Amino acid sequence: MSSDNETLMTGDDLKQIVENQLSDNDPIKVKSTLMRLMMTGTPRDEAIELIACALSVEVLDVMQKQTSFNLSRYESHLDMLPDISWLEGE
């Protein structure tokens with residue numbers, strides 16, 4: 001399962017990565033998703049948490065399956081926000 005060498009990310013870690021992505025404007029889809037969510041009434045903090053949920057799927061795959069970060073799937077999940085029903089299948 002998990003070894004002593006594995007480091008799990010916290011929700012705060014994921015939110016900080018999202019903030020870094022926003023600051024770097026990379027991937028650009030993160031900023032457009034934040035703007036879209038906020039324009040439809042989602043508070044910024046909640047929007048960041050939703051984006052972090054989408055990011056968590058990719059981080060988990062990289063850590064558990066030792067795969068490459070799947071940018072297209074991440075962007076697809078960002079497009080579905082604020083609906084996170086897709087998390088049930090992950």
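Across the accessible surface of the chain, with the other protein chains kept in place and a 1.4 Å probe, carbon and sulfur atoms take up 51 percent. A full extension of the chain between Q64 and M80 corresponds to an added length of 3.4 nm, given 0.36 nm per residue minus the alpha carbon distance. Using every pair of separate Cα atoms, the Kirkwood estimate puts the hydrodynamic radius of the chain at 13.5 angstrom.
Hey, what's the chain come to in accessible area per residue, 1.4 Å probe, Å²? All intermediate terms of the calculation are to be shown ahead of the outcome.
Values: 5890 Å² over 90 residues.
Dividing the accessible area of the chain by its residue count gives 65 Å².
With 0.36 nm allotted per residue and the present C-alpha distance subtracted, the S72-Q16 stretch has 18.1 nm of extension available.
The values are calculated or read from the model by the stated rules, or taken from the named source; none is laboratory data. This structure is a prediction, so every number in the text was calculated from the model and none was measured. Only protein heavy atoms, including side chains, enter the accessible area calculation; ligands, DNA and RNA are left aside. Shrake-Rupley method; radii C 1.70, N 1.55, O 1.52, S 1.80 Å.
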